[in-house]
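Have a look at the structure below, then the notes.
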Amino acid sequence: GLVVSSLLKDTGLVTVDPGFMNTASCTSEITYIDGDQGILRYRGYPIDQLADGSTFLEVAYLLIHGELPDGPTLEAFTERVNRHTFVHEDFRTFMGTFPRAAHPMAVMASAVNALATFYPESLDPQDPETVELATVLLLAKTRTITSYLHRRRVGEPLLYPDYSRGYVDDFLRMTFARPYEQYDADPVVVEALDKLLILHADHEQNCSTSTVRIVGSAQANLYASVAAGVNALSGPLHGGANESVLLMLDKIKNAEYDVDTFMSKVKNKEDGVRLMGFGHRVYKNYDPRAAIVKKSADAVLSTLGKDDELLDIAKRLEEIALNDDYFIERKLYPNVDFYTGLIYKALGFEPAMFTPLFALGRMPGWIAQWREMMNDPQTKIGRPRQIYTGATERDYVPVSGR
Ligand code: ACO
């Protein structure tokens, strides 16, 4: 990338590094990525082992506390999170005031931010017990918020949590059950969603996580910091890509353009069209998460008996891309977002809900990174420098004289 440097009087050498291609903002012990080899590990554990063997709350605990919990610790953590899944009735009213057609990411960011107003006893970033409370509240309430985002869109009432069920199991019930109807999610569906949440749980210093850290570096509370992360995630170049992928596949399916015309548009950079779900700042090889999701998409769609034409289109796009010089030269491979939307769709979510699901999964990562930053003696307020390129000094002219 382009690196320009300049000597500033107070700090000496300053480099300009657009997009922070070569600038590390911190040291971290949480997540390891080797982008050339396509390796991802949380706290040292390979992502495929966690996706296969673990559960979302266990991974959340691992990311946040650094070690896998033993049985009683996991049980206590799960129970504590479950006990906090109710939201205050006024909170429900508050969420009900947004226009129903509002994009759920905008509602989600507002709702996460609003947690600070409902739980003022959990705001002190310096007190470890308070931070632990805010951690549990965020994991618990975000789950309820996310299910309510769906229910508001379809015009159904918010359902109350059921403590006796697992985190993902009860999330699906709260999202999809009809009032007064017995609902038991298909274990295949529970497992698929659990796996997706694990795959999204952290990804070191991506755009939203860096946002969470920089907001927190001003000693802003956890909710304020994470709400900023939700907003960053909403962008189509970041978490919003999962929704964009599905809309792209839909357009191809509806014959707005065929696969070849679409691919030539992408390669000629016509109208800024990109192959959404492809490319990554760090992975210059197959995103290991995408490999797991692709397998899972096949399994989920066939188990649920959903023959999704969109999956075939996605596979065709991938095959063309992986054999095309444009993509080979630029090392563009499918990223995590390429196949996730197809699973979310098969589970019954509409595209606007895909990015909130990503946010639900990323919650432990944001929290873990915020906590690591708060406890790091090296942390200072995030404050990048710039190199000024504007006008030199000039005199103000009143409007009558311009
Ligand atoms: N389709 C077509 N061309 C692409 C794509 C794509 N998806 N991604 C990158 N390129 C091209 C660029 O046009 C550029 O070409 P050039 O050298 O001829 O100018 C080259 O590849 C490098 O791309 P940059 O945009 O410079 O790469 P950067 O690291 O800044 O961007 C990003 C990474 C934002 C992920 C990009 O690949 C992209 O826009 N992908 C599509 C959106 C997407 O899927 N985002 C999700 C990312 S994963 C996540 O957030 C969870």
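The values are calculated or read from the model by the stated rules, or taken from the named source; none is laboratory data. Computed from a prediction, not measured in an experiment: that's the story for all the values here. Every residue, glycine as well, gets a Cβ built from its backbone with ideal geometry; the counts of neighbours run over all protein chains shown. The protein model used for the area step is the full one, side chains on, heavy atoms only, and it has no ligands, DNA or RNA in it. Shrake-Rupley method; radii C 1.70, N 1.55, O 1.52, S 1.80 Å.
Worth pointing out:
- For peptides 221-227, 237-243, sequence by mean Cβ density within 10 Å, most packed first: 221-227, 237-243
- Of the Cα atoms belonging to the range 187-336, the radius of gyration and Dmax stand at 17.1, 51 Å.
- With all projection directions averaged, the alpha carbon convex hull of the range 278-359 covers 5.6 nm².
- Taking only the C-alpha atoms of the range 45-199, Rg followed by Dmax gives 16.0, 45 Å.
- Gyration tensor (Cα) of the chain, equivalent ellipsoid semi-axes in angstrom: 33, 30, 23
- Over 16 Å [Cα-Cα, the range 169-232], rounded percent: 61 percent
- Atom-type composition of the exposed protein surface of the chain places 51 percent of the accessible area on carbon and sulfur (1.4 angstrom probe).
- Binned Cα-Cα distance frequencies in the range 46-104 - 5 Å width, integer %: 4, 14, 19, 14, 11, 12, 13, 11, 3
- Solvent-free Debye calculation, one equal scatterer per alpha-carbon of the range 327-396: log10 I(q)/I(0) at 0.19 Å⁻¹ equals -0.91.
- Loop-located trypsin sites (Lys or Arg not before Pro) in the range 7-86 (DSSP state not H, G, I, E or B) with no more than 12 neighbouring Cβ atoms inside 10 Å: 9.
- Shown for the range 195-280 is the translational diffusion coefficient from the Stokes-Einstein equation, using the Kirkwood radius over Cα pairs, a temperature of 4 °C and a viscosity of 1.567 mPa s: 87 µm²/s.
- Electrostatic bookkeeping for residue 283 treats Lys and Arg as +1 and Asp and Glu as -1; over the other residues with beta carbon under 13 Å from its beta carbon, the sum is 0.
- Ordering 363-373, 98-108, 303-313 by mean Cβ neighbour count within 10 Å, with the highest value first, yields 363-373, 98-108, 303-313.
- Alpha-carbon gyration tensor eigenvalues x 5, square-rooted, for the range 29-72, Å: 20, 12, 6
- Within-12-Å neighbourhood charge of residue 243 [Cβ basis; K, R +1; D, E -1]: -2
- Calculated diffusion of the range 138-199, Stokes-Einstein form, Kirkwood radius summed over Cα pairs, 37 °C and 0.692 mPa s, µm²/s: 275 µm²/s
- Globularity index of the range 1-85, i.e. its alpha-carbon radius of gyration over 2.2 N^0.38 Å: 1.65
- In the context of the full set of protein chains, residues of the range 105-258 present 37 Å² of accessible surface per residue (probe radius 1.4 Å, heavy atoms only).
- Peptides 129-140, 333-344, 244-255 ordered by packing proxy, namely the average of other Cβ atoms within 10 Å per residue, highest first: 333-344, 129-140, 244-255.
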